[in-house]
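See below for the structure under consideration.
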Amino acid sequence: MAALGLILAGTLPGQAASLDDLGFPQGFTLRGPFGGAEAFFPLPQRPGRTDLELNVTASPMLDDLSSVTVYAEDTPLGTLRVNQGTIRERLPIPPRFLTGEFLRLRFQGDQALRRGVECFDNDTPAVWTRIEPSTQLLAAEEGNPGLGVVWRQLSGNVGISLPANLSTGDLEAAIAVAMALTSRGARPVMLPPNDPGAHIRIGPASTLALEPRADGGQRIVVADGSAAAALIAMGQALRVFNSTAANGRPLQREPLHHDLISFIDLDIPPQAIDVYGSASLTFELPLSRLPAGRRPQAMLLRGKSATVPQGESLVVALYAGRRLVWSETYRGQVDLDGVRVNLPPDLVRHRMAVTLRLVRVGIRRNCTYSDALNMQLHGTSQLVLTDGPIPAGDFGGLAFPDTMPALVRLGTSQATAAAAVPLVARLLADSGARPESVEVSTSGALNRPFIAISETLPPDLAGAGLLRPDRNRVTIDMPRAGTRVELGNVGAVTVVQLASAGAIPGLWVSPGTPQSLVIPPRATLTTGTVAVYDGRGLPVTFDTRSPDVTVVESGPVSAPSLLQRWRTELFIAIWLLVTIAAIGVVIRIRRSRAG
């Protein structure tokens with residue numbers, strides 16, 4: 001099944017856009033006889049000569065006829081024989097494919113160990129070809145790019161500068177822009193006000209503007225949150241949903257108020273897969289798309305397969321995460337006409353992965369050239385909703401409903417708030433929030449999923465049973481993993497904790513030094529309830545509910561607390577000192593009298 005990419009990452013004019021830049025750091029691996037993958041490469045506004053530099057590494061076991069064909073918009077550009085180890089080839093892209101804002105390239109494998117041998121199995125782990133992440137589109141640009149092109153071409157480290165005197169509107173704009181950059185694989189970096197190296201400047205402007213940079217490039221100026229939303233819409237107009245591109249309109253989010261929501265409403269396209277022996281179809285349920293206060297309790301599956309050959313049967317199984325929740329065996333044809341599959345409540349979580357596993361039983365399994373059996377899962381499949389929030393059992397389970405603005409409440413200084421923008425953007429993006437819908441406030445109730453940023457525990461979270469690195473010495477020990485963290489009163493590290501205000505889930509961010517707020521790329525929190533950032537690598541995460549994790553929390557170190565804790569020992573020590581001093585005085589007196 002084809003792997004699919006987003007088109008929201010790009011490069012500077014005249015430079016290369018690689019698969020790594022597009023968010024595929026491992027490239028693509030084409031597995032099996034007919035493995036394929038595709039990606040969407042951004043194009044400059046006025047492209048000149050454009051080439052694809054294709055870097056391929058193939059299994060040494062492939063036969064002499066194994067190949068990879070490259071398609072541009074379903075038109076073949078060339079076919080490469082791939083049985084000679086690592087291959088580098090440059091393919092020119094005809095100008096007729098360069099008229100849009102992006103180019104869809106597909107890599108289709110035709111690979112085997114042996115051919116023309118009856119009942120020989122080519123669907124084995126030894127049959128693979130890897131499209132390396134260094135594969136890149138070399139696109140030159142003629143003339144200066146426009147605002148939309150400059151925005152889409154930002155990748156890698158992207159510098160953002162904020163005004164010296166911040167407003168909540170400035171922070172909303174910065175967080176929104178940083179979220180959009182984070183979601184497409186770029187890394188927002190906060191710079192001082194008016195830094196000449198900034199790629200984006202938040203501050204006074206006529207909504208959106210471009211200004212020259214000293215290095216010859218152009219800087220985007222974003223006036224406020226509305227301008228940030230307009231800028232982000234330029235990228236969303238090119239958003240790709242798995243196998244189909246959007247229609248050129250910014251994605252609109254309207255609240256859904258139904259007990260049944262179709263996969264189409266959740267932006268999950270129809271799924272299809274060819275089954276030779278066995279195959280899996282995996283996709284995520286974007287639960288942040290659900291109305292606030294609703295959660296799924298079941299799925300209604302709709303789909304069909306081709307006719308199952310006589311003498312065979314097809315086993316269809318559904319996994320939620322790694323747990324089997326439903327299975328059925330079919331003969332003749334699979335016809336899923338609203339088959340209900342109940343979802344265990346403990347498995348319902350944000351970014352919930354669902355796998356449809358299909359296995360052909362009775363097939364001549366060693367015959368590669370038997371016809372594939374096609375199975376389709378229709379977009380009319382539905383989720384059955386019930387009342388109740390989606391539980392956030394760990395970081396990966398936290399979801400921000402995208403039918404309302406994500407809430408960020410500040411209880412810290414302007415400088416700390418500015419330094420925390422990349423971290424907040426990463427946390428929001430990973431939890432399903434929309435970048436164009438962020439609300440920053442310094443007060444108000446935590447009445448929806450939230451991020452609270454404060455050095456001290458907010459009063460709303462006083463009963464949440466959180467660790468208190470703001471006032472106590474906290475030691476978190478995980479002996480089996482050999483991990484131990486000590487948190488003192490001084491905020492040298494940043495601590496993020498899963499919290500709740502009543503029944504509403506959220507995060508408490510206790511910021512440390514500015515260095516601790518610098519996060520590495522792809523530092524996504526998926527497990528645990530406590531994360532510790534020191535700015536030198538990936539965060540250390542702990543699940544404080546686990547029996548393998550030991551938490552020791554002691555009160556603040558002060559003179560009264562020391563006297564209270566060590567009063568017995570101090571009394572003994574003082575008594576010994578007084579006794580020794582008294583004995584010394586007596587000995588001196590006796591010696592003076594004897595002399």
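The values are calculated or read from the model by the stated rules, or taken from the named source; none is laboratory data. These numbers were taken from a predicted model, which means no experiment stands behind them. Positions of Cβ are generated from backbone atoms using ideal geometry, with glycine treated the same way; all protein chains shown enter the neighbour counts. Heads up: the accessible areas ignore ligands, DNA and RNA and are worked out on the full protein's heavy atoms, side chains in. Shrake-Rupley method; radii C 1.70, N 1.55, O 1.52, S 1.80 Å.
Only one residue in SER327, SER313, SER305 is open to solvent by less than 50 Å² (accessible area, probe 1.4 Å), farther than 24 Å from ASP265 by Cβ and touching a Lys or Arg at 6+ places or on another chain (Cβ under 9 Å). Which one?
Residue meeting the stated conditions: SER313.
Suppose we keep only residues that are under 31 Å from the mean Cα position of the chain (by Cα) and over 16 Å from ALA272 (Cα atoms) within segment 365-388. Which one would you say is modelled with the lowest pLDDT?
Filtering segment 365-388 for residues that are under 31 Å from the mean Cα position of the chain (by Cα) and over 16 Å from ALA272 (Cα atoms), the one modelled with the lowest pLDDT comes out as GLY388.
Taking the conditions exactly as written (in a loop (DSSP other than H, G, I, E, B) and open to solvent by 20 Å² or more (accessible area, probe 1.4 Å)), does SER226 satisfy them or not?
No, not satisfied.
Any residue at all in segment 378-401 that's of a type in the set (S, T, N, Q), under 30 Å from ASP110 (Cα atoms) and open to solvent by 20 Å² or more (accessible area, probe 1.4 Å)?
Looking through segment 378-401, none of the residues is of a type in the set (S, T, N, Q), under 30 Å from ASP110 (Cα atoms) and open to solvent by 20 Å² or more (accessible area, probe 1.4 Å).
Which residue out of ARG106, ARG90 is under 30 Å from the mean Cα position of the chain (by Cα), at pLDDT 90 or above and open to solvent by 50 Å² or more (accessible area, probe 1.4 Å)?
ARG106
Which one of these does ILE131 not meet: (1) out of contact with any Asp or Glu (no Cβ under 6 Å at 6 or more places or on another chain); (2) under 30 Å from LEU147 (Cβ atoms)?
If we test ILE131 against (1) out of contact with any Asp or Glu (no Cβ under 6 Å at 6 or more places or on another chain); (2) under 30 Å from LEU147 (Cβ atoms), just (2) comes out false.
Quick check on my filter: what residues within segment 284-319 are among the polar types (S, T, N, Q) and either in a strand (DSSP E or B) or more than 26 Å from the chain's Cα centre (by Cα) (or both)?
Passing the criteria: GLN297, SER305, THR307, GLN310, SER313.
When you scan segment 232-255, do you find a residue that is at pLDDT below 80, polar (S, T, N, Q), open to solvent by 20 Å² or more (accessible area, probe 1.4 Å) and part of a helix (DSSP H, G or I), even just one?
yes
I'd like to check which strands (runs of 3 or more DSSP E) are fully inside segment 472-531 and have at least 2 residues that are out of contact with any Lys or Arg (no Cβ under 6 Å at 6 or more places or on another chain) and open to solvent by less than 10 Å² (accessible area, probe 1.4 Å).
473-478, 494-501, 504-510
Can you spot a residue in segment 154-171 that is under 30 Å from GLU89 (Cβ atoms) and either buried (at least 17 other Cβ atoms within 10 Å of the Cβ) or among the aromatic types (Phe, Trp, Tyr) (or both)?
Taking every residue of segment 154-171 in turn, at least one turns out to be under 30 Å from GLU89 (Cβ atoms) and either buried (at least 17 other Cβ atoms within 10 Å of the Cβ) or among the aromatic types (Phe, Trp, Tyr) (or both).
For segment 302-334: of the residues being in contact with an Asp or Glu (Cβ under 7 Å, 6 or more places away or on another chain) and in contact (Cβ under 8 Å) with a residue 60 or more places away in the chain, which is nearest to LEU285 (Cα to Cα)?
Filtering first and then ranking leaves ARG302.
Can VAL440 be described as open to solvent by less than 20 Å² (accessible area, probe 1.4 Å), out of contact with any Pro (no Cβ under 6 Å at 6 or more places or on another chain), of a type outside the set (S, T, N, Q) and in a strand (DSSP E or B)?
yes
Just for strands (runs of 3 or more DSSP E) wholly inside segment 128-222: which have at least 2 residues that are of a type in the set (S, T, N, Q)?
Because the criterion is at least 2 residues that are of a type in the set (S, T, N, Q), the strands (runs of 3 or more DSSP E) in segment 128-222 that meet it are 157-161.
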